[in-house]
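Following: one structure in structure tokens, then a few remarks.
The values are calculated or read from the model by the stated rules, or taken from the named source; none is laboratory data. No experiment lies behind these values; they were computed from the predicted model shown. Ideal geometry is used to build each Cβ from the backbone, glycine not excepted, and the neighbour counts take in all protein chains shown. Only protein heavy atoms, including side chains, enter the accessible area calculation; ligands, DNA and RNA are left aside. Shrake-Rupley method; radii C 1.70, N 1.55, O 1.52, S 1.80 Å.
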Amino acid sequence: METILLTKRQFQILNTLSDHLGETITGEHFSRELGVSTRTIQNDIKDLREQILDLDAEIESKVGSGYILIVENEASFKKKISSLLKARMSYLNFEDQDTRTLYILKCLLLNNREYKADRLAYEVSISKSRLTNDLNKVRVILEKYKLDLVNRPSHGLAIEGSEINKRRCIAFENIQAVNFVFDGTNTNNDRQLLSDISEITIEEMIKAKYKTSDVILQNIIMHIMISVNRIMMKKNIQDNILFDDLSTKKVELELADVILSQLAAKYHFTYPRQEVYFLALNLIGKKNYDSDDVISSEIDTLVIEILEEIKSKTGFDLSFDVELRISLALHLVPLQLRIRHNMQIENVLKDDIKKHFTLAYDLAVIAAKVLQKEKNTRLSEDEIGYIAIHINLSLQKLLFSQKPKHILVLCSSRRSDSLLLKYKLLRWFKEVISEIDVRNFVEIGQFDLSQYDVIFTTSFSDPRVPESAIKINYFLDEYDQKRIERSLTGVSNFADIIQYFPEELFLPNLICSDQDDAIHKMVQTVKANMEVPEEYEDAIIRRERLGSTAFGNSIAIPHPDGLITKQTFVCAALLNQPILWGEIEVQMVFLVSIKKGNDRDFRDLFETLSKVLTNTDGISKVLRYREYGTLVDLLRTASEGM
């Protein structure tokens, strides 16, 4: 088989098609998943068609449907694809600039040998002019960590800056995890080292009764992996200034010392005392604190200030939640240390948190603003995600903490069947039902309907059934369960939601050059149809400065930094081309405005849009047809899933 040179993106397209043999996948789907235009996808597939002929495969294009992969022999094809996958990291992906950039960073940070530009250009099989572009991209990445790329005469390229910042770069850019190996030796050595680090670390943590989560444990193990590799390269931490507040942290210092000493004995390296301090600092910053730990008055005051700011900006009063106050305070103890030492940690769940806990993440951004003001440090989206988890738990309790309701169910069934219906409702919603009566239609008029908070009915055939009653099936299904839950918890139904998306605020093909241009043009549409304050656009820009409102899946949800309008509405725009919104490509924008003092609208709209974010097929359909009715269908599906 001849060498098949695929870019990273082309390989992802081929891999997806091969995983769905015989199925049609749209160009819009690939465009969204890979963050490029449909025209780019078309060009990639055109190139793919020519390159995969030797795989006995063909990509067919079906007008209006998408692309489908046809293979002559599935078993043979799968075997060839597997071979491609194994070879992929060795050389194929050097056609992709992102992969070359990571390779260059790995060469310069995880190797002791010198690298001249000519050698790098040769290794990644590109010209020196293309390498210059790659090196410029490397410089942009290094700037985030206060590092510089320099070219030393007669020596070659090198990265200059503090050792701690170099390790931060390795960790956050995931350089340690990216393997570009040609013989497999380094991979095997890394696996053994990683296995030894995991075994020693977990065993010593158990002995020391050190508590942390599984996700953070993996973060600690990777930190140690990076440190050991750098130590064995004789790249030690020399700075003492950072470690002047560790004298009282005996447990963490002893734990760090014993882990490093065991690894040093096994892998024959020496290390300065600063390495013990650095690992101890990471252990303190990633430890799980519990309610037995002392929460200082400073931390408690900071938590109160955070909750007050959330209430001021959104109307959500979470100050009643004692568990939230404690969990936030315990989270802030190590977070303050991480902020002080510029050691913010990665959150592998960040993207999922933004999609599924959209409202909680948005409130966490407000919390981050308070911390930024107090600590003069901007929190990363990863750290904001961790705060969002705590807030989301409180929001769920708020949803179900309303006064239990007295409900009536009207039906025409026998007493035994009525008891079964009553039992099922109580089993589902016992926490929000104070009392439930099941009555036959013939009994209407024998009791006062006004005594009930909510009325459900299996039929509207009797004219005496009030119009406000909610229709359910006698044999309750999952759709009934969701309708009943919305009624009991106050979550809006579709009719309530869709009124906030007026057709006059729907822009099916907005032409804009960038994020600011999109916001400005949407604001102009809003001003032409709604009454908004003079500072409306400035308030939206202020919120964007706190953190990007791009939540993934090609969607951004910008909004003012507070509740400042007289009514609730959403301006929905479909952009003619994807644009960068922060660091994420976006093509669908929901500009949300919430009526002053109405936190329920805030909650319901963000819950609905959170469901929209996870509906990949629905988003693709809206972007394809660009019709208001298709958007309505997407919102209906999201509302019914709440």
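Per-residue answers, yes or no, for (1) modelled with pLDDT of 85 or more; (2) among the charged types (D, E, K, R); (3) open to solvent by less than 50 Å² (accessible area, probe 1.4 Å):
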site	(1), (2), (3)
Arg167	yes, yes, yes
Ile170	yes, no, yes
Ala177	no, no, no
Phe180	no, no, yes
Gly184	no, no, yes
Asp190	no, yes, yes
Asp196	yes, yes, yes
Ile200	yes, no, yes
Lys209	no, yes, no
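Candidates in region 279-309 are the residues that are touching a Leu at 6+ places or on another chain (Cβ under 8 Å) and under 30 Å from Met233 (Cβ atoms); of these, the one that is modelled with the lowest pLDDT is Gly285. Scan region 54-71 and give yes if some residue there is in a helix (DSSP H, G or I), without any contact (Cβ under 8 Å) to a residue 24 or more places away in the chain and of a type outside the set (Ser, Thr, Tyr), otherwise no. For region 54-71, residues in a helix (DSSP H, G or I), without any contact (Cβ under 8 Å) to a residue 24 or more places away in the chain and of a type outside the set (Ser, Thr, Tyr): absent. Taking first residues from region 585-604 that are under 28 Å from Leu488 (Cα atoms) and partners that are basic (Lys, Arg) and part of a strand (DSSP E or B), the Cβ contacts under 7 Å between residues at least 6 apart in sequence or on separate chains come to Asp601/Lys595.
Only residues that are at pLDDT 85 or above and open to solvent by 20 Å² or more (accessible area, probe 1.4 Å): list them for region 120-134, please. Before you say what the answer is, go through the steps one by one.
We begin by selecting, within region 120-134, every residue at pLDDT 85 or above; these are 130-134.
Those that are at pLDDT 85 or above and open to solvent by 20 Å² or more (accessible area, probe 1.4 Å): Arg130, Thr132, Asn133.
For Glu431, indicate whether it is modelled with pLDDT under 75, within 30 Å of Phe602 (Cα to Cα), open to solvent by 60 Å² or more (accessible area, probe 1.4 Å) and outside any helix (DSSP H, G or I).
yes
Of the conditions (1) within 15 Å of Ala388 (Cα to Cα); (2) modelled with pLDDT under 85; (3) open to solvent by less than 50 Å² (accessible area, probe 1.4 Å), Ile326 fails just one. Which one is it? With (1) within 15 Å of Ala388 (Cα to Cα); (2) modelled with pLDDT under 85; (3) open to solvent by less than 50 Å² (accessible area, probe 1.4 Å) applied to Ile326, the lone miss is (3).
Of all residues assigned to region 341-363, none qualifies as being more than 13 Å from Ala388 (Cβ to Cβ), in contact (Cβ under 8 Å) with a residue 24 or more places away in the chain and assigned to a helix (DSSP H, G or I).
Pairs linking a residue in region 526-543 that is closer than 12 Å to Asp561 by Cβ to a residue that is among the acidic types (Asp, Glu), with Cβ atoms under 6 Å and 6 or more positions apart or on different chains, are Ala539/Asp561; Arg542/Asp561; Arg543/Asp561.
Within region 147-157, how many residues are surrounded by fewer than 17 Cβ atoms within 10 Å (Cβ to Cβ) and modelled with pLDDT under 90? Selection size over region 147-157: 5. Selection of region 462-474 for residues being in contact (Cβ under 8 Å) with a residue 12 or more places away in the chain, open to solvent by 50 Å² or more (accessible area, probe 1.4 Å) and farther than 22 Å from Asp496 by Cα yields Arg464, Tyr474.
Among residues of region 133-145 that are without any contact (Cβ under 8 Å) to a residue 12 or more places away in the chain, none has a Cβ under 9 angstrom from a residue that is of a type in the set (Gly, Ala, Ser) and not in a helix (DSSP H, G or I) at a sequence gap of 6+ or on a separate chain. Summed over region 611-633, residues that are open to solvent by 10 Å² or more (accessible area, probe 1.4 Å) and in a helix (DSSP H, G or I) total 13.
Just so you know, in region 442-461 the residues that are surrounded by 16 or more Cβ atoms within 10 Å (Cβ to Cβ) and of a type in the set (Phe, Trp, Tyr) include one that is nearest to Ile407 (Cα to Cα), and it is Tyr452.
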